[in-house]
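Beneath this line is the structure, given in structure tokens, with notes to follow.
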Amino acid sequence: MAVSLVDVPVAQRPRERLLVLGPQALSDAELLALLLRHGRRGASALDLAAELLVEHDGLPGLASARPEELSRRAGIGVAKAAAIIAAFHLGARARGRPDTASRLASAADVAAAARPQFTGARVERLLVLVCDAQNRLRHKVFVAEGAVDQVAVPVREILNTVLRHDGRAFAIVHNHPSGDPTPSPDDRRATAILTEAAHTVGLRFLDHVVIAGEQWASAPGYPMR
């Protein structure tokens, strides 16, 4: 039988401690245990939370874990893995909510707006920055994820994302987990294709930026305008 937080003495239960003392009083393991709710045979949710944190070297490693990595651990499974990932992404979105006054006037602005979204990413991801007619940032939306050093550029999905959010201009950003932000030939081809496609539907394509840690580079030949 899985061990539940109900089996923990009332005064030590994370939920009760959070309600009385506030979330800042809880350890990382206690907060994670609230998400897990149940442990596995012979181990409480607190035990399972501690095991996950040790296995992934703390919260940063856990935040970048893949669903299949999490679900392999006994007592986690698909549902709990999804809940953990969802919680981290909600936190990231709350921290990275676009400033409605933020205007993307350069490739450096694009990189600065996108960088927090790629913290801890171990696979390539493609982010669309949706802007209004004055290039003010309105939405950040991930549209693709791929294997290390390879991410598809779904042109139709990118354009549909911009249009769904009533955008008038947009930039795209993807990461190179290899640590080298130099745009590849495929990156440059994607820039050319998107420039033409955006023009066809009346959108302004601002830039294509590649991020690698703290470094970034703009795909050449298509400056901000």
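The values are calculated or read from the model by the stated rules, or taken from the named source; none is laboratory data. Fair warning: this is a prediction, and the values are worked out from it, not measured in the lab. When we count neighbours, we look across all protein chains shown, and the Cβ atoms used for this are built from the backbone with ideal geometry, even at glycine. For accessibility, only protein heavy atoms count, side chains too; no ligands or nucleic acids. Shrake-Rupley method; radii C 1.70, N 1.55, O 1.52, S 1.80 Å.
So if I check each of R138, R189, which one is assigned to a helix (DSSP H, G or I), open to solvent by 50 Å² or more (accessible area, probe 1.4 Å) and of a type in the set (K, R)? Even if it seems obvious, please write down each step before you answer.
Values: R138 fails: assigned to a helix (DSSP H, G or I).
From the options R138, R189, the qualifying one is R189.
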Notebook entry, point to check: Is it the case that region 124-133 has a residue that's without any contact (Cβ under 8 Å) to a residue 40 or more places away in the chain and either open to solvent by 10 Å² or more (accessible area, probe 1.4 Å) or not in a strand (DSSP E or B) (or both)?
Noted result: yes
Notebook entry, point to check: Which condition number does T119 fail, the rest of (1) surrounded by 15 or more Cβ atoms within 10 Å (Cβ to Cβ); (2) at pLDDT below 90; (3) touching a helix residue (DSSP H, G or I) at 6+ places or on another chain (Cβ under 8 Å) being met?
Noted result: (1)
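Kindly evaluate I158 against the criterion of being open to solvent by 40 Å² or more (accessible area, probe 1.4 Å), in a helix (DSSP H, G or I), over 18 Å from S106 (Cα atoms) and without any contact (Cβ under 8 Å) to a residue 60 or more places away in the chain.
Values: open to solvent by 40 Å² or more (accessible area, probe 1.4 Å): no; in a helix (DSSP H, G or I): yes; over 18 Å from S106 (Cα atoms): yes; without any contact (Cβ under 8 Å) to a residue 60 or more places away in the chain: yes.
Criteria not met by I158.
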Note to self: Would you confirm, using the coordinates I've provided, whether H208 is open to solvent by less than 10 Å² (accessible area, probe 1.4 Å), of a type outside the set (S, T, Y) and at pLDDT 90 or above?
What the structure shows: yes
Note to self: Out of H208, H199, I need the residue that is in a strand (DSSP E or B), of a type outside the set (D, E) and without any contact (Cβ under 8 Å) to a residue 40 or more places away in the chain. Which one?
What the structure shows: H208
Notebook entry, point to check: From the residues in region 75-92 that are assigned to a helix (DSSP H, G or I) and in contact (Cβ under 8 Å) with a residue 24 or more places away in the chain, which one is surrounded by the most Cβ atoms within 10 Å (Cβ to Cβ)?
Noted result: I84
Item checked: Pairs, first charged (D, E, K, R) and modelled with pLDDT of 85 or more in region 31-47, second surrounded by fewer than 17 Cβ atoms within 10 Å (Cβ to Cβ) and not in a strand (DSSP E or B), C-beta under 8 Å, six or more apart -> R40/A74; R41/M1
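So which residues in region 174-186 are part of a loop (DSSP other than H, G, I, E, B) and touching a residue at least 24 places away in the same chain (Cβ under 8 Å)? Working first, answer last.
Of the residues in region 174-186, the ones part of a loop (DSSP other than H, G, I, E, B) are 176-184.
The answer is H176, P177, S178, G179, D180, P181, T182, P183.
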